[in-house]
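Read through the structure below, which is laid out as structure tokens, and then see the notes.
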Amino acid sequence: MNEKNSAKAGELSGKEAAPGDEADAVNAAEEAADRAQARAVSAPADQADEGADKEADEAGPNSGGSEPTRGQADEADPADQADPADRADKTLAAVPPVSRQDSARPAAEGASEPDEDHADAATDGSEADGSVAARDPRAEGAASSTPPGDEQPEQREEREERAGEEGKGQPEADAPKSPDAPEASAKPDPVRAATPVRGPNADGDADPESGPAPGPDSARKPPAPSWAARRESDSERTSEFVALKPDLPRPTSPRPVTPTPVSSSSGEKPGGGSADSDRTRELAAPLRADNDRTMALSRPPAPAAASPATSSGAGDAAGPPPPLDLLAQLTNTPPKPETVGRTVARRVKIWGTLVALLAVVLVAVQALRPLPTPTLELTGKSSHTADGGVLSLPWPTEGQAVVDIDGLGRMGSYGEMKPLPIGSVAKVMTAYLILRDHPLKAGDKGPSVPVDQKAEDDYTSGVAEKESVVEVKAGQQVSELEALQAVMLPSANNVARLLARWDASTEEAFIKKMNDTAKELGMTNTTYTDASGLIESTVSTAEDQVKLAKRAMTNPVFRQIAKLPSYQSTTTSGGSTVETARTQYNFNKLVPLNGVVGIKTGSTTKAGGNLVFAAETTVGGSKQLIIGAVFGQHKTPIIGTATAASKSLILAADKALRSETVVKKGEVVGQVDDGLGGTVPVVAAKDLTVPVWSGASVAIKLTDGGRALPHSANAGTEVGVLTVGSGSGEAKVPVTLQDDLSEPSFGAKLTRLG
């Protein structure tokens, strides 16, 4: 360093410089330091020693500090104070790569700088000036680049000495200083410690070997520093740090220092700085060794308030910010503060959307669901009672008796319905089961039944016991139809047992079927022990046998057989006896008189005379079937007594029957329900006339007649049937829509629940 500039810089420490002078002094000091370091690298070791001694002898009293005091720095140019961080960044951007070893030295030297009193450290500062030039990291780097073989002894000695001093200085983090120098009371400013500052009166650097200080022209045109011409290696260029955005905190003085006014010796006007000097100070930095790159890369941490934390308060250590905060950072729009209103609005939007979507799906499902099938309901009266008192019929004086009008109900009954032996009336169940399990068509004789020896033997024994039998021989073939005629008309016991074996293999198995069927028909007081009824343990009641007669008369073939007065046998020999005659007659002598169409007689000593009868009569243009039974007639002749009582009941019932209008045409009897709340009334298309008797009560039913009801139809469309009674006594008329039937509305479809 030039002695004159050093002295001027030392004198400036005791005076207060003008803002412009201070900036020029800083620039001049930086340029002088750069040139001195360049010459120290290139000069021989003995010249470096001589130059250092010369500078130490000629140094002024204030040559120990190359920086102005903090107070002076604080009173510098307002433009410099306004943006020191920006300028520091620009300076750092131009700093060449340095090593990490010397990065702590500027900070240590800055920490050892006295705060107030610079006068006491003047002499020590001179030594420090010389030592700085001698220990410059760049000079060391240049010296260390010399091959070890060419190194002079003096250079090696000097390098070892500097290395020892450097090792001692690093732990202390302080440059050599005077014993009287006060310790630093505050932390060093990273920007100030990194940039050497010169006194305001320094005009430029002079060659230390030239003697007197150069003129102003030489200060304004400094030679290029050696570090500018020095070529960096690839690793250094790769590691160079370039600040793209100034983010260093503004350097602040931890402790204010009272400035000392200093007279200007350079003759420059206050505030008048060189433009070249300003550019040099902003863009150039003192040459540093590779270790100084650490200083350029390491910056003091920014205050917590200025750190780019997320708006939610989560720092980098807390992990990535939430998506909304990250979006706010990217768009420079902070998220709106969370409030109860916003929370409610957000929930309303979410749930409202879900509810709307659900409503759309519900509407679509309800609209596309298949419509329920319409139903027909009876809304009118469900029964009708005929005028008059209780009907009186000519009942027998003993036993049991029942008279029913098939499909309309019971006209009356007589006696206690307790089980009695029924004799050959049991053959009604035998014939019914054979036709049920082996059905025949009208005019068809059916399969052939082979006559076994048991059937022939039963014929022989039956004649001896005066049973009802028909002649058969083993090996004969008899048709199913003829076998049934032999059972129903002449009441052949041997043929009844033959059919039981043919149907179920054994009589016992067939008897079981008889009892099972009785239970199915509700014949609760009936028990079968044989297929012919000859055994007195086969018992029943008049009421149970009427139930069976109604069911059997529904079979056309059975009904056809029951009303026959006789048939021609193919198994008999044509003898003069009843059992061998070709023509076999019906034991029911009422057939075919008075409309009688059956059914079966039965008699034994224990059972007396029994008869189940059926007669047809016409009432109001419809045929009605009178079915009844007379049991337990013991007055002789027992069959004649039972037949006479049955005839009286048939005639009385026919006389008591009359027709009566139950429902008139156009009367509302019901409605069609579309299943979704819509109804349309239906009316009778005709008068409903029903056979009744005095005091009779008949039931009325409304049905769809086996047809599917439409979802829409015009008024007058037939949609059902109004019925009274059942079976042969059933009376019915059609019903029609009173109004138009329309498909359910859209609203009805949406509100349906089922």
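The values are calculated or read from the model by the stated rules, or taken from the named source; none is laboratory data. In this text the structure is predicted, and so the values were computed from the model without any measurement. Note: ideal-geometry Cβ built from the backbone for every residue, glycine included; neighbour counts use all protein chains shown. With ligands, DNA and RNA removed, areas are computed over all heavy atoms of the protein, side chains included. Shrake-Rupley method; radii C 1.70, N 1.55, O 1.52, S 1.80 Å.
Any chance the range 581-604 includes a residue that's open to solvent by 40 Å² or more (accessible area, probe 1.4 Å) and at positive phi?
yes
Quickly run through the range 561-573 and pick out the residues that are surrounded by fewer than 16 Cβ atoms within 10 Å (Cβ to Cβ) and out of contact with any Phe, Trp or Tyr (no Cβ under 8 Å at 6 or more places or on another chain).
Result: Gln568, Thr570, Ser573.
Gly706: more than 28 Å from Leu625 (Cα to Cα), open to solvent by 10 Å² or more (accessible area, probe 1.4 Å), free of Cβ contacts under 8 Å to residues at least 12 places away in the same chain and of a type outside the set (A, V, I, L, M, F, W, C), yes or no? Quick ask: steps written out before the conclusion?
Working: more than 28 Å from Leu625 (Cα to Cα): no; open to solvent by 10 Å² or more (accessible area, probe 1.4 Å): yes; free of Cβ contacts under 8 Å to residues at least 12 places away in the same chain: yes; of a type outside the set (A, V, I, L, M, F, W, C): yes.
Against the criterion (more than 28 Å from Leu625 (Cα to Cα), open to solvent by 10 Å² or more (accessible area, probe 1.4 Å), free of Cβ contacts under 8 Å to residues at least 12 places away in the same chain and of a type outside the set (A, V, I, L, M, F, W, C)), Gly706 does not qualify.
How many residues are hydrophobic (A, V, I, L, M, F, W, C) and modelled with pLDDT under 95 when one looks only at the range 568-586? Break it down stepwise before answering.
Initially, the range 568-586 is screened for residues hydrophobic (A, V, I, L, M, F, W, C), giving 578, 581.
Those still in the list that are modelled with pLDDT under 95 too: 578.
Number satisfying all stated conditions: 1.
Of all residues in the range 456-473, which are out of contact with any strand residue (DSSP E or B) (no Cβ under 9 Å at 6 or more places or on another chain) and either open to solvent by less than 40 Å² (accessible area, probe 1.4 Å) or outside any helix (DSSP H, G or I) (or both)?
Of the range 456-473, the ones out of contact with any strand residue (DSSP E or B) (no Cβ under 9 Å at 6 or more places or on another chain) are 456-469, 471, 473.
If the condition is that a residue be out of contact with any strand residue (DSSP E or B) (no Cβ under 9 Å at 6 or more places or on another chain) and either open to solvent by less than 40 Å² (accessible area, probe 1.4 Å) or outside any helix (DSSP H, G or I) (or both), then Asp458, Tyr459, Gly462, Glu465, Lys466, Glu467, Ser468, Val469, Glu471, Lys473 are the ones that fit.
Could you tell me how many of the residues in the range 402-426 are touching a residue at least 40 places away in the same chain (Cβ under 8 Å), outside any strand (DSSP E or B) and not aliphatic (A, V, I, L, M)?
7
Rundown of residues vs (1) outside any strand (DSSP E or B); (2) exposed (fewer than 11 other Cβ atoms within 10 Å of the Cβ), yes/no style:
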site	(1), (2)
Lys336	yes, yes
Ala356	yes, yes
Pro372	yes, no
Glu377	no, no
Pro394	yes, no
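Going through Gly670, Gly628 one at a time, which residue ends up being small (Gly, Ala, Ser) and closer than 23 Å to Gly399 by Cβ?
Of the residues listed, the single one that is small (Gly, Ala, Ser) and closer than 23 Å to Gly399 by Cβ is Gly628.
Does the range 619-654 hold any residues that are part of a strand (DSSP E or B) and either in contact with an Asp or Glu (Cβ under 7 Å, 6 or more places away or on another chain) or over 14 Å from Ala607 (Cβ atoms) (or both), and which are they?
Correct list: Val619, Ser622, Lys623, Gln624, Leu625, Ile626, Ile627, Gly628, Gly632, Gln633.
Scan (1) over 26 Å from Gly632 (Cα atoms); (2) modelled with pLDDT under 95; (3) not small (Gly, Ala, Ser) for the single condition Lys606 breaks and write down its number.
Evaluating Lys606 over (1) over 26 Å from Gly632 (Cα atoms); (2) modelled with pLDDT under 95; (3) not small (Gly, Ala, Ser) leaves (1) as the failure.
Restricting the search to the range 531-558, which residues are in contact with a Ser or Thr (Cβ under 8 Å, 6 or more places away or on another chain), open to solvent by 10 Å² or more (accessible area, probe 1.4 Å) and part of a loop (DSSP other than H, G, I, E, B)?
Leu534, Ile535, Glu536, Ser537
Identify all residues within the range 553-576 that are hydroxyl-bearing (Ser, Thr, Tyr) and touching a residue at least 12 places away in the same chain (Cβ under 8 Å); write none if there are none.
Thr554, Ser566, Tyr567, Ser569, Thr570, Thr571, Thr572, Ser573
Quick test for you: out of Ala518, Ala496, Ala509, pick the one residue that is modelled with pLDDT of 95 or more, surrounded by fewer than 22 Cβ atoms within 10 Å (Cβ to Cβ) and more than 60 Å from the chain's Cα centre (by Cα).
Ala509
Could you count how many residues in the range 733-754 are more than 12 Å from Val682 (Cα to Cα) and crowded, with 18+ Cβ neighbours inside 10 Å?
So the count comes out to 2.
Go through the range 609-624 and give me each residue that's aliphatic (A, V, I, L, M) and either modelled with pLDDT of 95 or more or open to solvent by 30 Å² or more (accessible area, probe 1.4 Å) (or both).
Leu611, Val612, Ala614, Ala615, listed by residue number.
Going by the conditions given, is Gln584 over 30 Å from Pro734 (Cα atoms), among the polar types (S, T, N, Q) and in a strand (DSSP E or B)?
yes
Across the range 629-674, what is the total count of residues that are over 23 Å from Tyr414 (Cα atoms), open to solvent by less than 20 Å² (accessible area, probe 1.4 Å) and among the hydroxyl-bearing types (Ser, Thr, Tyr)?
0
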